Amino acid sequence: MDATQDSPLISFIQENQEKLYRIAYAHVKNQDDALDLVHSSIVKALQKQHTLRNQECVRTWFYRILVNECMTYFRKKSRLIYLADIGDKLLETSAQPHGQDTYLDLYSAIDQLPSQLKTIIILRYFEDLKLSTIAEITSTNLSTTKSRLYKALELLKLDLGGMEDDRSLSI
Amino acid sequence: MIDHSPYDNIQIPQQLSNVVENAIACGTGKHRRRPWKAVAACVPATMAACLVLLLNLSPSFAAGACSLPVVGDVCRIFVFREYHTQDEIKYIDAVIPQIENTGKTQLEQRVNLYIQQLIQNCLDESEARAKEYYDAFVATGGDPADFHPIGITIDYEVKYLTSQYVSLHIYHYETAIAAYQTDYYYTLDLESEKVLTLKDWFGNDYKQIVADSIRNTILTWSPEDRRELWTDISLEDLITEQRSFYLNEDGQAVVVFDKYELACGAAGRPEFVISQPS
């Protein structure tokens, strides 16, 4: 494995570094930690690049590594909160209906989501990825991904009718 | 839809491109340090030694006879040698760490020799396996040009380092048809010059303390994660004196299980921070 500067993986990394940083930062909300996660996921990706199959999309493959690094980060920081506890916590805070002036509340609500649900919101609504792609990135099946998305939207108190319909959820 | 302009406007730190270039260099084996990060005097190195038969460090050194390192003048772990080679059968990225500056020359020599032998054994095994794969491939009619070289990586991390303790992790990673990883953990008490076991750390009740702590942690897991565990585990049986562990950056013992010991393969290599009973 002679990774030259022309390697497609290295080009992908260099061209998408800001995106990678945003995804990491959206998860951990801390600049140093986000930089650390970007660094460690790049190193891991390069060390494992022989596991990238020819037909596989580099973006999906890399995002999976990055998301796994974020999950490891959360496990280490003991931020994995049992779903039932988080549900109660969100009920306590005043639930505002979604409107233009309340997106800051929404962002702090997203911050409080359990890490797996947070990932799905970030990838779906900030990175605009298809559910099937998200399922690949998180190494789960499509129906689990859908139910996690529903759960996340429920916890965020977002109107499901306005956010998703069955047609878009089927992709 | 959710307005994602706050997300799009997340400020990109100036250091990002340096961090990325450094990561690319690290990942392609060109160098291993992170120059942008302030490296404290303590660089924890994790060394794992699973060949218990070689653990013959005698604890018989009298503490009074040894000069303890002065605070601030801590044991250092440095890269002694690096191998980066490649041929049509395999590529190797190996790093051999050494410890120095403990103030105990004999101990250092013994430990460093042990690490070198351990890593050399790992490399020899991997090279032999790579050759086997290659020979089998060619013997069954494969074109040598199509052979995907086996990746062999050996690296280390320092998990915890103070003037008294060094906790090291060495990992040996090999990718062929499937990935193969061996982790070695090695925690050294510089004062007593002993390689520590869980029994040394927690005392005679170590089995119970560790098992109880692990059980408590599992109770906090999600049902999905718990489902991955085997149903018929006896933690007390699995926690022997030889059980792998390391000290994390807070100086807490972290017990490590191998793949398939506790759970199905998807669960990976579970680790548990052990809390002491109050």
_Accessible surface, per residue, of the stretch B:78-195 when the full set of protein chains is kept, probe 1.4 Å, Å²_ = 44 Å²
*Rounded, prolate or oblate: which fits the stretch B:140-275 when a ≥ b ≥ c are the square roots of the eigenvalues of the alpha-carbon gyration tensor, with rounded for a/c under 1.5 and prolate only if a/b beats b/c?*
oblate
_Charge dipole (the stretch B:78-195, unit charges on Cβ, about Cα centre) - positive-most of B:162, B:117, B:128_ = B:162
*asked:* Residue by residue through the stretch A:125-132, what is 3J(HN,Hα) from phi via Karplus (6.51 cos²θ - 1.76 cosθ + 1.60, θ = phi - 60°)? Round to whole Hz and write x for glycine and proline.
replied: 9, 9, 9, 6, 8, 6, 4, 5
_Area buried, chain A against chain B - accessible surface, total, 1.4 angstrom probe, square angstrom_ = 3700 Å²
*Nearby aspartates and glutamates by direct alpha-carbon distance to residue B:194 (threshold 13 angstrom, same-chain neighbours under 8 apart not counted)*: B:108
*So which lysines can residue B:131 reach, going by Cα to Cα under 19 Å and dropping same-chain residues fewer than 8 places off?*
B:90
_Contact order relative to length of the stretch B:78-195, as percent, for alpha carbon pairs under 8 angstrom and 6 or more apart_ = 22 percent
*Estimated FRET transfer efficiency (residue A:12, residue B:110; beta-carbon r; R0 45 Å; 0.05)*: 0.45
*Label-point separation (nm) for residue B:250 and residue B:25, each offset 7 Å from Cα along Cα-to-Cβ?*
3.4 nm
*the stretch B:198-273 - percent of accessible surface contributed by carbon and sulfur, probe 1.4 Å*: 44 percent
*Can you figure out the FRET efficiency of residue B:129 with residue B:12, using R₀ = 41 Å and their beta-carbon distance, to the nearest 0.05?*
0.40
_Quick check: the distance between the Cα centres of the stretch B:217-278 and the stretch A:135-154, to the nearest angstrom?_
27 Å
*Work out the mean other chain Cβ neighbour count within 10 Å for the residues of A:22-32 and drop it here as an integer.*
3
*asked:* Please list 3J(HN,Hα) in residue order for the stretch B:186-192, calculated via the Karplus relation 6.51 cos²θ - 1.76 cosθ + 1.60 where θ = phi - 60°; whole Hz, with x for glycine and proline.
replied: 8, 10, 10, 9, 6, 6, 8
*Round to the nearest 0.05 the FRET efficiency obtained for residue B:242 and residue B:79 when R0 = 25 Å and r is the Cβ-Cβ distance.*
0.35
*³J(HN,Hα) across the stretch B:106-121 via Karplus (A = 6.51, B = -1.76, C = 1.60, θ = phi - 60°), whole Hz, x for Gly/Pro?*
4, 4, 4, 4, 5, 5, 5, 5, 4, 4, 4, 5, 4, 5, 4, 4
*Order these peptides, B:247-257, B:77-87, by their mean beta-carbon neighbour count within 10 angstrom, highest first.*
B:247-257, B:77-87
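The values are calculated or read from the model by the stated rules, or taken from the named source; none is laboratory data. Only a predicted model underlies this, so the values are computations on that prediction, with no experimental measurement involved. Note that each Cβ is placed from the backbone with ideal geometry, even for glycine, and that neighbours are counted across all protein chains shown. Calculation scope for accessible area: heavy atoms of the full protein, side chains included, ligands and nucleic acids excluded. Shrake-Rupley method; radii C 1.70, N 1.55, O 1.52, S 1.80 Å.
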